[in-house]
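To keep things clear, I will list the structure first and then write my remarks on it.
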């Protein structure tokens with residue numbers, strides 16, 4: 001086994017070494033105990049089997065400038081952050097060395113270790129943010145380079161109540177923030193009434209996967225204005241001044257496992273400068289001043305399969 005020199009100290013017992021074209025270290029696998037001296041304390045890279053949950057062989061990676069990029073940890077370790085000390089089994093960094101992401105758990109899912117097994121290892125963390133105070137099990141926390149919170153990804157099945165520009169909302173999947181701390185996006189836990197330039201629409205993405213809270217379907221500006229939403233339950237009829245009409249509704253697509261059952265495809269609607277943009281098989285733009293609008297509840301002509309995290313939107 002070889003050893004390599006890094007800006008955090010010497011790594012011993014390394015294998016599967018990869019270099020950038022200029023010869024600087026890009027990645028390596030660690031096979032024995034090492035301590036890296038970082039701004040976040042002494043950190044021990046993953047080097048040995050951790051029962052059935054974690055297997056060795058996940059590499060430590062570096063940016064061309066020598067700063068850490070990704071670091072799997074041997075044991076869950078407390079990492080100092082602006083939110084306080086957070087538990088981490090995996091860390092990601094920006095190229096300047098600042099903290100990018102913290103993952104409390106880093107178990108490898110397999111036939112012997114399920115998502116539910118991993119979830120049972122998670123425990124509730126408490127957050128005090130501009131959008132309120134809540135407790136939840138989280139998959140990961142993302143930071144801006146200056147240390148402010150960029151997004152929080154919740155474990156599937158977790159629901160939290162947050163304060164939004166629309167008032168209190170129940171959230172699943174996750175939420176994201178602007179650098180100043182203002183709420184940027186969230187994923188409604190159920191169809192939620194939202195006042196829009198068209199009238200009241202029910203915001204809900206029935207196809208949200210529930211694994212990443214970086215980008216969500218209900219979006220606000222830093223000033224708190226509505227930017228966009230997805231609806232799975234409403235259809236919109238537009239009537240123009242010259243008498244033309246347009247009808248938009250969530251689509252339907254055959255279920256992957258049973259083509260005879262149809263799944264809803266949410267309709268995305270964006271608002272900007274007296275315009276409405278509808279995203280469905282491309283993008284269509286309408287001037288709000290040239291149309292009147294009627295919103296109706298979507299009536300499914302066939303049963304649906306029940307989407308991810310289904311809350312009965314039909």
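The values are calculated or read from the model by the stated rules, or taken from the named source; none is laboratory data. This is a predicted model, so every value here is computed, not measured. Virtual Cβ from ideal backbone geometry, glycine too; neighbours counted across all protein chains shown.
Every listed requirement among (1) surrounded by 13 or more Cβ atoms within 10 Å (Cβ to Cβ); (2) outside any loop (DSSP other than H, G, I, E, B); (3) at pLDDT below 95 is met by residue 219 save one, (3). Against the condition modelled with pLDDT under 90, within 29 Å of the chain's Cα centre (by Cα) and assigned by TED's automatic domain parsing to the domain that holds residue 229, how does residue 285 come out, does it pass? Taking the combined requirement at face value, the residue does not satisfy it.
At least 2 residues that are touching a residue at least 40 places away in the same chain (Cβ under 8 Å) in each: list the strands (runs of 3 or more DSSP E) lying fully within the stretch 11-77 that qualify.
Counting at least 2 such residues, we get 60-62.
Please go through the stretch 166-176 and pick out each residue that is touching a strand residue (DSSP E or B) at 6+ places or on another chain (Cβ under 7 Å), surrounded by fewer than 23 Cβ atoms within 10 Å (Cβ to Cβ) and part of a strand (DSSP E or B). Steps first, please.
Pass one, the stretch 166-176, residues touching a strand residue (DSSP E or B) at 6+ places or on another chain (Cβ under 7 Å): 166, 168-176.
Narrowing the set further to residues that are surrounded by fewer than 23 Cβ atoms within 10 Å (Cβ to Cβ) leaves 166, 168, 170, 176.
Passing the criteria: 168, 170, 176.
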